[in-house]
Amino acid sequence: MPSSVTELQSGRAMGHSTIPGPILLLGAPGVGKGTQAKELVKLWGIPQISTGDLLRFHKANGTPLGLIAKELMDRGELVHDDLVNEMVAERLAQPDTARGYILDGFPRTLKQADWLDARLDAKLAGRPSTQPQSLPVVAVSLKVDYNQLLRRITGRRNCPVCGTIYNIYVKPPKVEGVCDLEGAALVQRADDTEEVFAERMKSYAALTEPVVDHYRSQGRFAEVDGDQPIEVVSAGIIAAVERLRAK
Ligand code: AMP
């Protein structure tokens, strides 16, 4: 197994030749889905589709969806399935998804998972199986324990310009509060507080854990220990995707 993303990117492993297809990154808030999605984007050149980022974009721009989403997000509750599904449908219709994509934070309910499964099945009908868009979905779930998640969430800071994610405890910027790359002042998400985290974890246990079980039972599923250095987790995800794609 390749030991790092660098090794994979150098072409010594099979990362380059893999047609990624649709990949789901599952896991609790703060588990590292966003960080890992960015590593996979670098390797495979497919887009990261984060429903949280899309919703934050709507919120920041005051769109009708953003206005509805704001209160729910600030309380740590999920946005209604139909609204999120429609937003994802629009994003998946963009041509950059042709070789595959990484869904980060979606599906988060069984209703969203059923919607996605039906959409992908409909796409499959009539397509030759060699086309990337006709590859079945593979799901990778990241696992980290509760206390570690809490530390990650409350320590998380983001660059509003380039999206780089820092953590004041384990991955601080060189200068406190300032992005190493952009020099911009780092921001903390409104929902990255201890109180809202507790609500998000309740939603996760009640609504999203059944989604993990749904994909686990379909066979194209792997679980990766997210409590390891970023490169080790990335290598674990890449190896899992390649193994599942070879099935
Ligand atoms: P995230 O950035 O993935 O942690 O998402 C931040 C917030 O956006 C969540 O706490 C929800 O309020 C909302 N959200 C993101 N993805 C979804 C989704 N798939 N379904 C419903 N709400 C979502």
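The values are calculated or read from the model by the stated rules, or taken from the named source; none is laboratory data. Worth saying up front: this structure is predicted, and the values here are computed from it rather than measured. When we count neighbours, we look across all protein chains shown, and the Cβ atoms used for this are built from the backbone with ideal geometry, even at glycine. Ligands, DNA and RNA are excluded from the accessible area calculation, which covers all protein heavy atoms including side chains. Shrake-Rupley method; radii C 1.70, N 1.55, O 1.52, S 1.80 Å.
Taking max minus min of the alpha-carbon positions on each principal axis, the chain gives extents of 50, 41, 31 Å, largest first.
For the range 93-247, DSSP calls about 55 percent of its internal beta bridges antiparallel.
Might you report the magnitude of the Cβ-based charge dipole of the chain about its Cα centre, with Lys and Arg at +1 and Asp and Glu at -1, to the nearest 20 debye? Before the final figure, lay out the partial values.
Details: 30 positive and 31 negative charges, 117 e Å.
Dipole about the Cα centre, nearest 20: 560 debye.
Accessible surface computed residue by residue for the range 148-247, with neighbouring protein chains in place and a 1.4 Å probe, gives 52 Å² per residue.
Would you mind putting 146-159, 99-112, 229-242 in packing order, based on average other-beta-carbon counts within 10 Å, highest first? Walk me through the numbers before you get to the answer.
On the way: 146-159: 18.1, 99-112: 21.8, 229-242: 20.1.
Listed from highest to lowest mean packing, they are 99-112, 229-242, 146-159.
Simple spin-label estimate for L67 and T154 gives 3.6 nm between the two label positions (7 Å along the Cα-to-Cβ direction from each Cα). Rolling a 1.4 Å probe over the protein heavy atoms of the chain, with every protein chain left in place, gives an accessible area that is 55 percent carbon and sulfur.
A cut-off under 14 angstrom between Cβ atoms defines the neighbours of T97, and their net charge, with Lys, Arg +1 and Asp, Glu -1, is +1.
Return a whole-number percent for the relative contact order of the chain, with Cα pairs under 8 Å and 6 or more residues apart as the contact set. If you can, show how the numbers build up before the last one.
Values: 364 pairs, mean separation 71.5, N = 247.
In percent, rounded to a whole number, it is 29.
Per residue, the average separation of C-alpha pairs within less than 8 Å and at least 6 apart gives the range 157-220 a relative contact order of 26 percent.
Pairs K38/K70; K123/K247; K38/K123; K202/K247; K38/K174; K33/K111: which exceed 23 Å Cα-Cα? Intermediate values should be presented prior to the final figure.
Details: K38/K70 25 Å; K123/K247 20 Å; K38/K123 26 Å; K202/K247 34 Å; K38/K174 21 Å; K33/K111 21 Å.
The answer is K38/K70; K38/K123; K202/K247.
Tell me the mean residue ellipticity at 222 nm calculated for the chain from its helices only (DSSP H runs of n ≥ 4, each -39500 (n - 2.57), averaged over every residue, nearest 500). Can you show the working numbers first?
Working: 10 runs with 111 residues, N = 247.
That comes out to -13500 deg cm²/dmol.
Each Lys and Arg contributes +1 and each Asp and Glu -1, all at the Cβ; summed about the Cα centre of the range 24-82, the dipole is approximately 260 debye. Taking the inverse of the mean 1/r over every pair of distinct Cα atoms in the range 71-180 gives a Kirkwood hydrodynamic radius of 17.2 Å. Taking every alpha-carbon pair under 8 Å whose residues sit at least 6 apart, the range 39-164 reaches a relative contact order of 23 percent.
Please give the peptides 20-26, 62-68, 218-224, 44-50 ranked by average Cβ packing (other Cβ atoms within 10 Å per residue), highest first, as a rough proxy for protection. Display every interim value, and only then the final one.
On the way: 20-26: 23.7, 62-68: 13.7, 218-224: 17.1, 44-50: 19.9.
Listed from highest to lowest mean packing, they are 20-26, 44-50, 218-224, 62-68.
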